[in-house]
Amino acid sequence: MKVRIIEARTTQAQLSRRTGYSPQQISNWIHNRDKMSYEAAALCAIILNCHAEDFYEWHIS
């Protein structure tokens, strides 16, 4: 997520204001301290102009 924020030329604080999620919640997602709901990922993806799937790691066995 951090890379997507940088690519969008925005900040965690700006993303927080635009999504309504707290700065602490944004930080928790970035540092993998908390899992992001798909609804939150979809909203962040719209704002950051990327895909919601970009915020998840996929492990295929």
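The values are calculated or read from the model by the stated rules, or taken from the named source; none is laboratory data. The model shown is predicted, which means the values in this text are computed figures rather than measured ones. Using ideal geometry, Cβ is built from the backbone for each residue, glycine included, and neighbour counts are taken over all protein chains shown. Please note that ligands, DNA and RNA were not included when accessible areas were found on the heavy atoms of the full protein model with its side chains. Shrake-Rupley method; radii C 1.70, N 1.55, O 1.52, S 1.80 Å.
Within the range 11-22, is even one residue open to solvent by 40 Å² or more (accessible area, probe 1.4 Å), in a loop (DSSP other than H, G, I, E, B) and touching a residue at least 40 places away in the same chain (Cβ under 8 Å)? Within the range 11-22, not a single residue is open to solvent by 40 Å² or more (accessible area, probe 1.4 Å), in a loop (DSSP other than H, G, I, E, B) and touching a residue at least 40 places away in the same chain (Cβ under 8 Å). If you go through the range 1-10 and keep only what is outside any helix (DSSP H, G or I) and surrounded by 14 or more Cβ atoms within 10 Å (Cβ to Cβ), you end up with Met1, Ala8, Thr10.
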